[in-house]
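Readers should treat all values here as calculations from the given coordinates under stated rules, not as data from a laboratory. Note that the structure is a prediction, hence the values are computed from the model and not measured. As a convention, Cβ positions derive from the backbone with ideal geometry for all residues, glycine included, and neighbour counts pool all protein chains shown.
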Amino acid sequence: MNLQAMLQQDSAVAVLAEQAFDVPAREALLDRAMGQGRKKKSSEKLRRGRRPAKGLALVAKDADGVLLGTVRLWSVRLGEDGAQALLLGPLAVETSVKSAGIGSQLMRHALEAARQLGHGAILLVGDAPYYARFGFSAEKTGNLSMPGPYERERFLALELVDGWLDGASGTLKASGGKEKPALVARAA
């Protein structure tokens, strides 16, 4: 399945590539879902001032075009001189449709897009029981760390290429493209 075909409607909800006009609705959703403290998380240190990895900023919308969910993946380096990987997050869904499978739909699309784009691994800080169903575990994150405080048991990884994380160690470093200054100020 090619990337364009993958970004088609699974049900009454369509998963689409995020567009610039989605930013205000996405930011409002993230504020509602995660609270104002979301910008102080360790993951945010790796995202601040950066663009999501190319082709890996997705939104879920209903038939009327209302944004119901979002997920983005970011380029990171595994330690000072380590391999490239992706950092997933945040994943958020409107509370009114939280049990409708939209988060799972976004995750399936994001994982498939990352595979098709040739990425080797995805890391995240999140709820282990939720992300385990997609293949994430803490098994390969033992020698890696996040910048700043985080809960070790919530630091999870999924290899898209077997062995990608073998020998990986150190603190994750932001490595993606930088945002244009006007976009950073508007999104903050």
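A straight Cα-to-Cα reach below 17 Å connects Lys61 with the aspartates and glutamates Asp10, Glu18, Asp22, Glu27, Glu94, residues fewer than 8 places away in its own chain not being considered. Using every pair of separate Cα atoms, the Kirkwood estimate puts the hydrodynamic radius of the chain at 16.7 angstrom. Note on Glu94, Glu151: ascending count of other Cβ atoms within 10 Å places them as Glu151, Glu94, the fewest first. Helix content alone sets the calculated 222 nm mean residue ellipticity of the chain: runs of n ≥ 4 DSSP H residues at -39500 (n - 2.57) each, divided across all residues, give -7000 deg cm²/dmol. Sorted fewest first by neighbouring Cβ atoms within 10 angstrom, Phe21, Phe136, Phe155 come out as Phe21, Phe155, Phe136. Dipole check for the range 79-188: with +1 at the C-beta of Lys and Arg, -1 at the C-beta of Asp and Glu, and the Cα centre as origin, the magnitude is about 400 Debye. In this calculation the C-beta distance from Ser137 to Asp31 is compared with R0 = 25 Å, giving a FRET efficiency of 0.25. In the structure displayed, which of Lys40/Lys140; Lys45/Lys98; Lys39/Lys178; Lys45/Lys140; Lys40/Lys173; Lys39/Lys173 lie more than 19 Å apart, Cα to Cα? Beyond 19 Å: Lys40/Lys140; Lys45/Lys98; Lys45/Lys140. Helix 102-116 sits at what angle to the longest principal axis of the chain, using alpha carbons and giving 0 to 90 degrees rounded to 10? Tilt of helix 102-116: around 60 degrees.
The order of Thr95, Thr70, Thr171, Thr141, going from fewest to most other C-beta atoms within 10 Å of their C-beta, is Thr95, Thr171, Thr141, Thr70.
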